[in-house]
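> Just passing along the structure, written as structure tokens.
The values are calculated or read from the model by the stated rules, or taken from the named source; none is laboratory data. Computed from a predicted structure; not experimentally measured. All Cβ positions, even for glycine, are placed from backbone atoms using ideal geometry, and neighbour counts span all protein chains on display. Heavy atoms of the whole protein, side chains included, go into the accessibility calculation; ligands, DNA and RNA do not. Shrake-Rupley method; radii C 1.70, N 1.55, O 1.52, S 1.80 Å.
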Amino acid sequence: MTLQNISVTVLAKNSEKHIKNVLDALSPFGEVLLYDTGSTDKTLDIAKAFPNVRIVQAPFIGFGATHNAASSTAKNDWILSIDSDEIVSPGFPKGIAALNLDPQSVYSFPRHNYFNGKFIRWCGWYPDRQIRLYNKSKTKFSDAQVHEAIISDKMQHVALKEAIIHYSYESIADFLSKMQSYSTLFANQYQGKRKSSLTRALGHGFFAFFKSYFIKLGVLSGYEGFVISAYNGHTAYYKYLKLYEANCKDCTSAKMRR
């Protein structure tokens, strides 16, 4: 498969910290579609320097729907979805070019997640295999506002070895920002469709921390393992607390009910 027949889609918003390295690593691909949802930093200026990058500016409409909107504007049917904080490994393009791609298959890659300069192998962050290469004439992303995924039912799954390097969280502020965003999107997605309460929120939060720190061995990762596990617990708690609030928004008063 020639890399000219694959379009790479990159969703971006205020991604100046990593976008140059992201796009550098994608330079062998014929088309990189940067789908920007409102950057106010230098993201667009940096992207304009790359001859294979085409910029589309549009509103964010939820992760799944925005991914599908991006792929719909790509010129090729084969789509490689890369986030604006993910850098493909040096051998990645060569490995893709050597494939004989099957439209009835989806292709996954191991993702190596970093926090505080460390490769995190615990907390459920490794292995973190992600389906990212697919033919848009055969499948697409789910419409989920958050925790979206490429629909792979009834398709062959091909696991590849080339890694994606992920720099999702650079600071505690990043954790707090994403917790706010993801919990709000979760509440919007499930409002009126899933029950919640203070007790459920507490239960989900406690279990998420326990699972990450003890079952997924975050305890072996020191400071980073505790921070990630605490983040997982807090995010789960606020997801369900916001859902409870959303479900009760038409109440005359939001009473804490068990």
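> From the list 223, 169, which residue is open to solvent by 50 Å² or more (accessible area, probe 1.4 Å) and among the aromatic types (Phe, Trp, Tyr)? Let's see the steps before the verdict.
Values: 169 fails: open to solvent by 50 Å² or more (accessible area, probe 1.4 Å).
Step by step, each of 223, 169 is checked, and only 223 is open to solvent by 50 Å² or more (accessible area, probe 1.4 Å) and among the aromatic types (Phe, Trp, Tyr).
> Let me ask something else about it. Could you look through the stretch 21-45, keep only residues that are charged (D, E, K, R) and under 19 Å from residue 95 (Cβ atoms), and pick out the one that is most open to solvent (accessible area, probe 1.4 Å)?
24
> Hey, can you tell me all the residues within the stretch 147-170 that are at pLDDT 95 or above, within 23 Å of residue 235 (Cα to Cα) and not in a strand (DSSP E or B)?
Of everything in the stretch 147-170, those that are at pLDDT 95 or above, within 23 Å of residue 235 (Cα to Cα) and not in a strand (DSSP E or B) turn out to be 148, 149.
> Kindly indicate the residue of the stretch 1-20 that is hydrophobic (A, V, I, L, M, F, W, C) and at pLDDT 95 or above and also surrounded by the most Cβ atoms within 10 Å (Cβ to Cβ) among those meeting that condition.
Among them, the one singled out is 8.
> Looking at 39, 7, 72, 84, which is the one that is within 20 Å of the chain's Cα centre (by Cα), part of a strand (DSSP E or B) and among the small types (Gly, Ala, Ser)?
Going through 39, 7, 72, 84 in turn, just one is within 20 Å of the chain's Cα centre (by Cα), part of a strand (DSSP E or B) and among the small types (Gly, Ala, Ser): 7.
> Sort out which residues of the stretch 116-140 are farther than 18 Å from residue 163 by Cβ and outside any loop (DSSP other than H, G, I, E, B), and write them in order of number.
Those that are farther than 18 Å from residue 163 by Cβ and outside any loop (DSSP other than H, G, I, E, B): 134, 135.
Per-residue answers, yes or no, for (1) in contact (Cβ under 8 Å) with a residue 24 or more places away in the chain; (2) open to solvent by 70 Å² or more (accessible area, probe 1.4 Å); (3) under 21 Å from residue 69 (Cβ atoms); (4) touching a strand residue (DSSP E or B) at 6+ places or on another chain (Cβ under 6 Å):
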| position | (1), (2), (3), (4) |
| --- | --- |
| 130 | yes, no, yes, yes |
| 137 | yes, yes, yes, no |
| 141 | yes, no, yes, yes |
| 158 | yes, no, no, yes |
| 196 | yes, no, no, no |
